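Each remark here refers to the structure printed beneath this line.
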Ligand code: ADP
C-alpha cells in the first residue's frame, strides 16, 4: 500500500477500520478460546469463507483454558503456537505476548540441558521431568514438565503441560524442616530418657544400699525393731522380733502384734499408739510382750516418725527394749526401801520419844548447852523422820497403797497454817500470802499440807540468792489453783518434763543440794489421787511456780 496516495482523512478512516478489524480479530480469538463459537466466516481475497472448528475440540479447549496447569503447544523450532492463560500468568506476561515466543526464553541456564533432553525425547515418546522456569523478572518457578506429541491438521506439534511445583516444594521443604525438628526432638527425648534411666538406676542403687543398711542395722541391735505405716499397720520386723515371739511375719504384721501384748497392758499401749498416730508425737510406752515360750517380759517401746519434705509422715521406726531385768531390780529396790524405811521407823519413834522425855525432865536443871544439843538433835530427828516418811510413802505408792481419808478442807486456813510453819522453819525467807478466803475443797488436809511443804522446801532450797516466796490462790471456772512462786535458779523444759518422776534430780553440780528426788513424785501422786492437776511454769534463772489445781466445793 502506498500511503502517500491517501489524504489525511482517508488515512484516519483507514486506521480506524484496521483498529476495528484488530479488535474484531481479538474478540474472535477469545471467542474461539473460550469455546463460545465453533464456526466463523473470514473475508479473504476469494470472498467470504466459512471455517468450522471441530466440535469435539471445544470441550478440551474449555478444559485446557480452565485447568490449573500451564499448557503450551510448540512447533519443531520450539516456537509457542498456543498457550493457555494459566501459562501466561505463570510467566507473568499477557497472553498475546507469549504466543510466537520461543519456549527457551523461559528456560534459565541451570535447566537448559535438562529441558533440551526432555524436548528431544518428547518428540519421540511421552516423557516427564522437573525443570525450572524463569519469568520476565527472572523469578524461578519449579515445574513438572510433561511432553506429548499432537497430530494437528497443520502437522505434528509438541504439547507441554507445566505443573507449578512451588506449593509442593514448599510443602516438601516444610516437611523436611519439620522432620528435622522431629528428629532433633527425638534425639533430645532419647538423651533425656537415657539420663533419666541413669538417675533411676543410681537412685535404685542408693535405695537398695539404704534399705540393706537399715536391715543390717535393725537385725544387729539387741532391741526388737519394727516399722509401721502412718495408718498404724506394721510392715517390717527385725530378726530379733521373730526370734523372741516365735511367730511368722503374717501372724504379727499389720495389727497382729496385739496378740503378743499382755492383756493387762493392751489398752494403755493402744491408747498411746493411736494418740501418736493421730498427733505425730513420739510413741513411748512400757508393756509386756509374750515370748515364744509363753513368758511375758517388760519392754520399753519407742517410735518416731520419718517425714518427707512437706512434713507428711512416711513411716514410723520403732524399737522395744527389754527392761525386765531393770524392772526386777527396781522392784527389789522398792522392796528394800519399803523394809528399810519400816525398820527405821520404829527406832526413830522411840528416839523421838526419849528426846521428848529428856526435854520434859524436871527434876534437875539441864545445863543450857545440853538444852541446845537436845534442840539440835530434835531438828535432826524431825528431818530424819520426814525422810523415812517419804521413803515409806514411795513404797506405798509403788504398792498402790497410798490411802487416806477425804473430807472438807478450808484451803485458806490450810495456807495460813502452812505459811506460819514456813516462816518458823525458814526465818530468813520472806513468805507473801496472796490467797483468798472461803475456798473449800474435798481432800486430805495433811496430804495437801505435805504437797505445799514440798513446794516451799524446794522454793527455799533452789533460791538461795532471792528470799522472796509467794503463795497464791486463783479461781477460774470453779477450779482453784494454789501456787508457790520463787525467784531462784528455775528449770529448763527438758528438766520440767522429768521432775515428777521417782528419784529424779537435776544433775547440775552447781546447784546440787541435799534431797533424794522423792518430794515432787509423792506430791504428784497425792494430787493425782485427789483427781487434780499438778504442774510447773519456769525458765532457767527466772525462778519457778509450782502449782496444783482442784475443783472447789459448791
Ligand atoms: P529433791 O528432794 O531433790 O528436791 P524433788 O522431787 O522435790 O526432790 O525435786 C526434784 C528436782 O526438781 C530437784 O532435784 C530439783 O532439781 C528440781 N526442783 C524442784 N523444785 C525446784 C525449784 N523450785 N526450782 C528449781 N528446781 C527445782
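What pairs come up if the first residue lies in the stretch 483-495 and is over 16 Å from residue 460 (Cβ atoms), the second is more than 8 Å from the ligand (Cβ to nearest atom), and their beta carbons are under 6 Å apart, counting only those six or more places apart or on different chains?
Sorted first by the residue in the stretch 483-495, then by its partner, the pairs are 492/540.
Give the stretch 224-267 a look and list any residue that's in a loop (DSSP other than H, G, I, E, B), surrounded by fewer than 18 Cβ atoms within 10 Å (Cβ to Cβ) and more than 31 Å from the chain's Cα centre (by Cα), or say none.
246, 248, 262
Can you tell me which residue in the stretch 442-470 is surrounded by the most Cβ atoms within 10 Å (Cβ to Cβ), limited to those that are within 13 Å of the ligand (Cβ to nearest atom) and assigned to a strand (DSSP E or B)?
469
Restricting to the stretch 119-141, what's the tally of residues that are more than 19 Å from residue 108 (Cα to Cα) and assigned to a loop (DSSP other than H, G, I, E, B)?
Going through the stretch 119-141 one residue at a time, the tally reaches 4.
Are there strands (runs of 3 or more DSSP E) fully within the stretch 1-90 with at least 3 residues that are in the same structural domain as residue 141 (by TED's automatic domain parsing) and modelled with pLDDT under 70? List them. Before the answer, list the steps.
Values: elements: 39-44, 47-52, 70-74, 80-83.
By residue number, 39-44, 47-52.
For residues in the stretch 472-501 being within 10 Å of the ligand (Cβ to nearest atom) and in a strand (DSSP E or B), which is nearest to residue 519 (Cα to Cα)?
484
Residue 437 - would you say it is modelled with pLDDT under 95, more than 7 Å from the ligand (Cβ to nearest atom) and over 46 Å from the mean Cα position of the chain (by Cα)? If you could, list the steps in order and put the result at the bottom.
Values: modelled with pLDDT under 95: yes; more than 7 Å from the ligand (Cβ to nearest atom): yes; over 46 Å from the mean Cα position of the chain (by Cα): yes.
Spelling it out, residue 437 is indeed modelled with pLDDT under 95, more than 7 Å from the ligand (Cβ to nearest atom) and over 46 Å from the mean Cα position of the chain (by Cα).
Do we have residue 412 as within 16 Å of the ligand (Cβ to nearest atom) and surrounded by fewer than 21 Cβ atoms within 10 Å (Cβ to Cβ) here?
no
Being more than 14 Å from residue 542 (Cα to Cα), surrounded by 17 or more Cβ atoms within 10 Å (Cβ to Cβ) and either near the ligand (Cβ under 7 Å from one of its atoms) or modelled with pLDDT under 95 (or both): is that true of residue 512 here? Full working, then the answer.
Numbers: more than 14 Å from residue 542 (Cα to Cα): yes; surrounded by 17 or more Cβ atoms within 10 Å (Cβ to Cβ): no; either near the ligand (Cβ under 7 Å from one of its atoms) or modelled with pLDDT under 95 (or both): yes.
Considered against the rule, which asks whether it is more than 14 Å from residue 542 (Cα to Cα), surrounded by 17 or more Cβ atoms within 10 Å (Cβ to Cβ) and either near the ligand (Cβ under 7 Å from one of its atoms) or modelled with pLDDT under 95 (or both), residue 512 comes out as no.
Does any residue in the stretch 525-543 that is part of a helix (DSSP H, G or I) come within less than 7 Å, Cβ to Cβ, of a residue that is within 12 Å of the ligand (Cβ to nearest atom) six or more places away or on a different chain, and which pairs are these?
526/450; 526/451; 527/451; 527/534
Let's see how each residue does on (1) in the same structural domain as residue 81 (by TED's automatic domain parsing); (2) free of Cβ contacts under 8 Å to residues at least 12 places away in the same chain:
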{"site": "146", "(1), (2)": "yes, no"}
{"site": "151", "(1), (2)": "yes, yes"}
{"site": "154", "(1), (2)": "yes, yes"}
{"site": "160", "(1), (2)": "yes, no"}
{"site": "172", "(1), (2)": "no, yes"}
{"site": "177", "(1), (2)": "no, yes"}
{"site": "181", "(1), (2)": "no, yes"}
{"site": "185", "(1), (2)": "no, yes"}
{"site": "188", "(1), (2)": "no, yes"}
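Please specify each residue of the stretch 430-441 satisfying the condition of being part of a loop (DSSP other than H, G, I, E, B) and surrounded by fewer than 18 Cβ atoms within 10 Å (Cβ to Cβ).
Hits for the stretch 430-441 are 436, 437, 438.
Where the second residue is more than 9 Å from the ligand (Cβ to nearest atom) and the first is under 12 Å from residue 536 (Cβ atoms) and lies in the stretch 455-466, which pairs have Cβ atoms under 6 Å and are six or more apart or on separate chains?
459/469
The values are calculated or read from the model by the stated rules, or taken from the named source; none is laboratory data. Note that the coordinates shown come from a computational prediction; the quantities given were computed from them, not determined experimentally. Heads up, the Cβs are rebuilt from the backbone with ideal geometry, glycines too, and the neighbour counts pull from every protein chain shown.
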